[in-house]
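Worksheet: one structure, shown below.
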Amino acid sequence: MVLNFKKIPYETEWVEYPDLAPKLKALGVPPNPPGAFADYSCPTIRLADGTYIMDSIPIAEKLEAMHPEPSLHLDNTLWKQASELCDALIRSAGADFMVSIVDDILDKRASKWFAEDRHKRFGMSLYELQEKVGGEKAWPATDEILAKLKALLTIHKEDEGPFMLGSKPCYGDLIAAALLEGCRKMDAKKSERMVNFDGSFEKLLVACKPWLEKAN
């Protein structure tokens, strides 16, 4: 999405979950720092000089340094707050979306890998996890986080524009829009309830639509 925002030409290579770590290792990409969710993750980009950068925030920081305009405004803390809230949303609402990933999105091989990987991480199947913390059980915590995201989208505005700063987009807007759009692609029904929590979310998605559309 940052590439689209900055109008940087690129090509996309789609890699299935089981192939991601072997491919990145073979390319000599260093693993994520200790404590990361996974040693290897996507997105990963290859720069013109052959350098590889893995994960969204390091990629954004590098692209901002290489292409300062239009600015992501990384000097403010809104993107950090947005990232923390979006991570919290993934934790609170993730069980239902992960089941959708396995059932409706991935091919058979990738679905099997994803389900087995998450079983190891959570100590139960995704269906058991969904039964335990998904569905209506997830909504009290999810609503609380959405309220905080709504506040982030409204209290810092300099004018009446759709972004966190009003008419001036920043990286925090891209983080929030990417999560909401990603949820929409995984489970349209559940994501609709999230987006409908407040009108500011739909306004943000509409404003970010040009940067969400191109994926290759």
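The values are calculated or read from the model by the stated rules, or taken from the named source; none is laboratory data. Predicted, not measured: the structure shown is a model, and the values here were computed from it. In this analysis, Cβ positions are derived from the backbone assuming ideal geometry, glycine residues included, and neighbour counts consider all displayed protein chains.
All but one of (1) among the hydrophobic types (A, V, I, L, M, F, W, C); (2) closer than 16 Å to Ala178 by Cβ; (3) outside any loop (DSSP other than H, G, I, E, B) hold for Leu20; state the number of the condition that does not hold.
(2)
Report yes if some residue within segment 34-57 is exposed (fewer than 14 other Cβ atoms within 10 Å of the Cβ) and touching a residue at least 40 places away in the same chain (Cβ under 8 Å); otherwise report no.
no
Of all the residues that make up segment 168-214, how many are small (Gly, Ala, Ser), in contact (Cβ under 8 Å) with a residue 12 or more places away in the chain and over 29 Å from Ser111 (Cβ atoms)?
Residues that pass the stated criteria total 3.
Can you pull out every residue in segment 186-205 that is over 27 Å from Arg46 (Cα atoms), within 17 Å of the chain's Cα centre (by Cα) and part of a helix (DSSP H, G or I)?
Ala188, Lys190, Ser191, Glu192, Met194, Val195, Phe201, Glu202, Leu204, Leu205
Taking Gly134 as meeting all but one of (1) within 25 Å of Asp55 (Cβ to Cβ); (2) crowded, with 18+ Cβ neighbours inside 10 Å, write down the number of the exception.
(1)
Of the residues Ala207, Ala177, Ala188, which single one is in the same structural domain as Ala93 (by TED's automatic domain parsing), touching a helix residue (DSSP H, G or I) at 6+ places or on another chain (Cβ under 6 Å) and of a type in the set (Gly, Ala, Ser)?
Of Ala207, Ala177, Ala188, the one residue that is in the same structural domain as Ala93 (by TED's automatic domain parsing), touching a helix residue (DSSP H, G or I) at 6+ places or on another chain (Cβ under 6 Å) and of a type in the set (Gly, Ala, Ser) is Ala177.
Taking the options Lys120, Lys137, Lys132, Lys157, name whichever one is touching a residue at least 24 places away in the same chain (Cβ under 8 Å) and basic (Lys, Arg).
Result: Lys132 is the single residue among Lys120, Lys137, Lys132, Lys157 that is touching a residue at least 24 places away in the same chain (Cβ under 8 Å) and basic (Lys, Arg).
From Lys168, Lys189, grab the single residue that is surrounded by fewer than 17 Cβ atoms within 10 Å (Cβ to Cβ) and at pLDDT 95 or above.
Answer to the selection: Lys168.
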